[in-house]
């Protein structure tokens, strides 16, 4: 088995991606990024310890549907930011695994 070394920025962004999506699992994020599930889980645990937080429950809780147009717009803007962040992380991961070192 090969031990892979990931840059600290990649680790931090992978943890941030997991935290930004309350309804996702570590397994789904790890599979999307091509990282071992236990590796990502250990990064999240280390970040929890660093922050002094209690880990979030498995599965998380999705927010309730928006009841007004303003709330819906705010939710959609949040979702756009989340998707842009995910896209950027996946681009960086693709560059990393392709062997490109310029970030």
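Here are the numbers for the structure shown:
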{"quantity": "Residue 80 over 20 Å from residue 7 (Cα atoms) and either at pLDDT 85 or above or under 14 Å from the mean Cα position of the chain (by Cα) (or both)", "calculated": "yes"}
{"quantity": "Count of residues meeting criterion [loosely packed, with under 15 Cβ neighbours inside 10 Å, touching a helix residue (DSSP H, G or I) at 6+ places or on another chain (Cβ under 7 Å) and either in a helix (DSSP H, G or I) or at pLDDT below 90 (or both)] in region 35-49", "calculated": "1"}
{"quantity": "Residue that is surrounded by the most Cβ atoms within 10 Å (Cβ to Cβ) [pool: residues in region 1-19 that are in contact with a helix residue (DSSP H, G or I) (Cβ under 7 Å, 6 or more places away or on another chain) and free of Cβ contacts under 8 Å to residues at least 60 places away in the same chain]", "calculated": "18"}
{"quantity": "Matching residues in region 20-34 - criterion: being in a helix (DSSP H, G or I) and surrounded by fewer than 14 Cβ atoms within 10 Å (Cβ to Cβ)", "calculated": "27, 28, 31"}
{"quantity": "Single residue of 94, 66 found to be assigned to a loop (DSSP other than H, G, I, E, B), at pLDDT below 90 and surrounded by 12 or more Cβ atoms within 10 Å (Cβ to Cβ)", "calculated": "66"}
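The values are calculated or read from the model by the stated rules, or taken from the named source; none is laboratory data. Computed from a predicted structure; not experimentally measured. Ideal geometry is used to build each Cβ from the backbone, glycine not excepted, and the neighbour counts take in all protein chains shown.
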